[in-house]
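Below is one structure, written out as structure tokens; the observations come after it.
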Amino acid sequence: MIKSYLELGKIVGTHGIRGELKLDPWCDDPDFAKNFSTVYFGKNGEDPVKIASCRKHKNQILFTLEGYNDINSAETLRNKIIYIKRSDIKLSDGVWFIEELMGCKAINADDNNIVYGSITDIFQTGANDVWQITDENGNNFLLPAIKDVVIDADVENCRAYIRPLKGIFDDAN
């Protein structure tokens, strides 16, 4: 399901005394977080704030926000979730946000009448993501999110079209 605002990450601390914040980004590449000039503190776009500076540091992002210029004001933001506006992002074909895939029906790409279940979790393993599909009986199946298995996704209609590897769903029922 397409969402208007997506979670970018969580503020996990401060850096220095001039209000710089540490963001644990929830994206494949921390550099992705550097593409935005405005972030939001509310999941529906409430409390927009401009980014004054932003840089990558190891696997985190260090950034400052307008109006938060010292450690005391920055410290009040610890553990807050940062959101981005979905319309500010253009994704390449075959790339989806995890948050938008969650809950999508996993449907056989060759026979739309076969529904395996819903995507209930996604694990980022490094080599490729792994989707957890949960069927109507509560059984969980793990599916590698590789191009031969994940054929397409229609997040607007909450559907993911898959061609599962032999044996993955054989134990169902």
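Among the residues of the stretch 5-15, those identified as in contact with a helix residue (DSSP H, G or I) (Cβ under 8 Å, 6 or more places away or on another chain) and either open to solvent by 50 Å² or more (accessible area, probe 1.4 Å) or closer than 19 Å to residue 71 by Cβ (or both) are 7, 14.
Each residue in the stretch 110-135 was checked for being among the hydroxyl-bearing types (Ser, Thr, Tyr) and either under 15 Å from residue 99 (Cβ atoms) or exposed (fewer than 12 other Cβ atoms within 10 Å of the Cβ) (or both), and 3 pass. Could we say that residue 138 is open to solvent by less than 60 Å² (accessible area, probe 1.4 Å) and either at positive phi or not aliphatic (A, V, I, L, M) (or both) here? Yes; evaluated as a whole, the condition is true for this residue. Given the structure, is residue 156 exposed (fewer than 11 other Cβ atoms within 10 Å of the Cβ), out of contact with any Asp or Glu (no Cβ under 8 Å at 6 or more places or on another chain) and of a type outside the set (A, V, I, L, M)? The answer is yes for residue 156.
Among the residues of the stretch 150-172, those that are over 17 Å from residue 134 (Cβ atoms) and out of contact with any helix residue (DSSP H, G or I) (no Cβ under 8 Å at 6 or more places or on another chain) comprise 151, 152, 154, 156, 157, 161, 163, 165, 166, 167.
Could you go through the stretch 24-34 and let me know if any residue there is of a type in the set (A, V, I, L, M, F, W, C) and over 18 Å from the mean Cα position of the chain (by Cα). No, there is no match, as no residue in the stretch 24-34 is of a type in the set (A, V, I, L, M, F, W, C) and over 18 Å from the mean Cα position of the chain (by Cα).
The values are calculated or read from the model by the stated rules, or taken from the named source; none is laboratory data. Not measured: the values here are computed from a predicted model. Cβ atoms come from the backbone with ideal geometry, glycine included; neighbour counts cover every protein chain shown. Note: areas computed on protein heavy atoms with side chains; ligands, DNA, RNA excluded. Shrake-Rupley method; radii C 1.70, N 1.55, O 1.52, S 1.80 Å.
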